[in-house]
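Presented below is the structure to which this report refers.
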Amino acid sequence: MSIDIKMNAPGPRGFRVVFDRLTRYCLGEIAVPAFLAMLIIGFVGVANELRERRVPLKESLEYISGWEMARLVLYFSPTLIAYLVPVAFMMGILLAFGRLAQNNEITAMKAAGIPLKRLVLPVVIVGALLSVLTFFLHDRVQPQAIGRANKLIFEELPRRVTLDVLPVGVMKEFGGVRVYFEDRDVATRTLKNIVVIQQQSGRNIIYRAESAHFENAAVEGGESRLVLRKCRVIRPLPGDDKTDQTSEEVTVALTPAMFLKAPGGHKAMTMPELVQEEKRATANLKHSGNNRNARENLRTLRTEIGDRITLPLACLAVSLAAAPLAVRAPRSGRSYSFAIGIALLGGYYLLRILLEAKSVYPLEDYIIRGLVPNVVLCLVGLWALWRVDRV
């Protein structure tokens, strides 16, 4: 595909028409590969978020519907925005300008007297707008999305994973115990001929009962438990001895997945909430006498605040660095573009890793450390932009 760059009207108005069309054309060429890159990288990122929650999802996975899985993907997508948008936009820039170079379209534009800065500046402006949008999504949408995802995983789904849906005749782990039963009465929610194995202090206690009833805390309130009737309890003793008791009713407390702690608590806060939490953590560190857990909590909070401020600026930084470098691509544009992309991304994230704070520093240090990679890319971009139209 090519674009007709011949001016149909002289004067400033003709220039505006040509450059408006040219801008739309270049941004359109960037949008397609950027969107595809976003889908691919986003799929990997969401899979990683689900992997981090594999423990609470383990029991619920076979009962989750396609709609609920789609909801989880939707909820976890904003958590990747700060990383996903800069990388995808940069790849779109590099691939688009690389293709234009391969097709000699950039050469044709230069021959028509169009300065390369006119191709680069709209891209940088879009990068700046994406930085603003990314900050908004990262600070406002992400906390709500994480909160809804955790509610679905740690509250809604575990309510369905009850003994009522476990298979008959199979030993299954549920609520911190192992359960086996031969039959189920669906009408009365009664399990028949049940065996429960519970571990206490490294020893297995075996419960054998004629029937049992499951009381779900999520539905009935209180503690989730299994009420065993006409139960025989076999308890191990030191040595090889065992006790064997029979009771009319025995209650076994369960620990459903819904009571597990949801990860990513700091990410579920907005910036004002993070600042308030950071102040409380600072005061707590002083009162706790430099406690290790308090120090780690404060470091994590300040790191998250620094990331909220500095990561969105990566959109502007990568566009300012990638666009003037990519627009001067030789005719073998794709190889050159991939090399530029690896160099920019590798340098950016290497600087972030090297400057990552390993201990507790003032909050300003975290912000400055996060800004350094962006400043370096911007300086590289300004130098490349200054030289972009030079022979």
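The values are calculated or read from the model by the stated rules, or taken from the named source; none is laboratory data. All figures in this text were calculated on a predicted structure; none of them were measured in a lab. All Cβ positions, glycine included, derive from the backbone under ideal geometry; neighbour counts span all protein chains shown. What goes into the accessible areas is simple: the full protein's heavy atoms, side chains included, and nothing from ligands, DNA or RNA. Shrake-Rupley method; radii C 1.70, N 1.55, O 1.52, S 1.80 Å.
Only one residue in 293, 284 is in a helix (DSSP H, G or I) and loosely packed, with under 12 Cβ neighbours inside 10 Å. Which one? Before you say what the answer is, go through the steps one by one.
Details: 284 fails: loosely packed, with under 12 Cβ neighbours inside 10 Å.
Sole residue among the options that is in a helix (DSSP H, G or I) and loosely packed, with under 12 Cβ neighbours inside 10 Å: 293.
Report yes if some residue within the stretch 164-172 is of a type in the set (Val, Ile, Thr) and surrounded by 14 or more Cβ atoms within 10 Å (Cβ to Cβ); otherwise report no. Show your work before the answer.
Our first condition is that a residue be of a type in the set (Val, Ile, Thr); within the stretch 164-172, this holds for 165, 168, 170.
Then keep just the ones that are surrounded by 14 or more Cβ atoms within 10 Å (Cβ to Cβ); that gives none.
No, the stretch 164-172 contains no residue that is of a type in the set (Val, Ile, Thr) and surrounded by 14 or more Cβ atoms within 10 Å (Cβ to Cβ).
Might you check whether a residue that is modelled with pLDDT of 90 or more, among the basic types (Lys, Arg) and either open to solvent by 30 Å² or more (accessible area, probe 1.4 Å) or not in a loop (DSSP other than H, G, I, E, B) (or both) occurs anywhere in the stretch 299-307?
For the stretch 299-307, residues modelled with pLDDT of 90 or more, among the basic types (Lys, Arg) and either open to solvent by 30 Å² or more (accessible area, probe 1.4 Å) or not in a loop (DSSP other than H, G, I, E, B) (or both): present.
Here is a list: 361, 336, 349. Which entry is closer than 30 Å to residue 282 by Cβ, at pLDDT below 95, of a type in the set (Ser, Thr, Tyr) and assigned to a helix (DSSP H, G or I)?
Details: 361 fails: assigned to a helix (DSSP H, G or I); 336 fails: closer than 30 Å to residue 282 by Cβ.
Result of the check over 361, 336, 349: 349.
Residues 33, 56: which one is part of a helix (DSSP H, G or I) and modelled with pLDDT under 85? Spell out how you get there, then give the answer.
On the way: 33 fails: modelled with pLDDT under 85.
Going through 33, 56 in turn, just one is part of a helix (DSSP H, G or I) and modelled with pLDDT under 85: 56.
With respect to residue 130, determine if the residue is touching a strand residue (DSSP E or B) at 6+ places or on another chain (Cβ under 8 Å), surrounded by 15 or more Cβ atoms within 10 Å (Cβ to Cβ) and hydrophobic (A, V, I, L, M, F, W, C). Full working, then the answer.
Values: touching a strand residue (DSSP E or B) at 6+ places or on another chain (Cβ under 8 Å): no; surrounded by 15 or more Cβ atoms within 10 Å (Cβ to Cβ): yes; hydrophobic (A, V, I, L, M, F, W, C): yes.
In short, no.
Please verify whether the stretch 342-351 includes one or more residues that are in contact (Cβ under 8 Å) with a residue 60 or more places away in the chain and either out of contact with any Lys or Arg (no Cβ under 9 Å at 6 or more places or on another chain) or surrounded by fewer than 20 Cβ atoms within 10 Å (Cβ to Cβ) (or both). Quick ask: steps written out before the conclusion?
Step one: of the stretch 342-351, the residues in contact (Cβ under 8 Å) with a residue 60 or more places away in the chain are 344-345.
Next, from what is left, pick out any that are either out of contact with any Lys or Arg (no Cβ under 9 Å at 6 or more places or on another chain) or surrounded by fewer than 20 Cβ atoms within 10 Å (Cβ to Cβ) (or both): 344-345.
Looking for residues that are in contact (Cβ under 8 Å) with a residue 60 or more places away in the chain and either out of contact with any Lys or Arg (no Cβ under 9 Å at 6 or more places or on another chain) or surrounded by fewer than 20 Cβ atoms within 10 Å (Cβ to Cβ) (or both), one finds at least one in the stretch 342-351, hence yes.
Out of everything in the stretch 187-217 that is open to solvent by 30 Å² or more (accessible area, probe 1.4 Å) and part of a loop (DSSP other than H, G, I, E, B), what residue ends up being farthest from residue 170 (Cα to Cα)?
Restricting to residues being open to solvent by 30 Å² or more (accessible area, probe 1.4 Å) and part of a loop (DSSP other than H, G, I, E, B), the top hit is 201.
Out of everything in the stretch 308-320 that is aliphatic (A, V, I, L, M) and buried (at least 19 other Cβ atoms within 10 Å of the Cβ), what residue ends up being nearest to the chain's Cα centre (by Cα)?
311
Within the stretch 365-376, identify whether any single residue is open to solvent by 40 Å² or more (accessible area, probe 1.4 Å), under 30 Å from the mean Cα position of the chain (by Cα), in contact (Cβ under 8 Å) with a residue 60 or more places away in the chain and under 19 Å from residue 92 (Cα atoms), and answer yes or no.
no
Among the residues that make up the stretch 87-96, is at least one of them closer than 19 Å to residue 137 by Cα, modelled with pLDDT under 85, of a type outside the set (D, E, K, R) and assigned to a helix (DSSP H, G or I)?
The answer is no, given that none of the residues of the stretch 87-96 is closer than 19 Å to residue 137 by Cα, modelled with pLDDT under 85, of a type outside the set (D, E, K, R) and assigned to a helix (DSSP H, G or I).
Which of the residues that make up the stretch 209-249 are out of contact with any Phe, Trp or Tyr (no Cβ under 6 Å at 6 or more places or on another chain), modelled with pLDDT of 85 or more and closer than 20 Å to residue 188 by Cα?
Scanning the stretch 209-249 gives 209, 210, 211, 212, 227, 229, 230, 248, 249.
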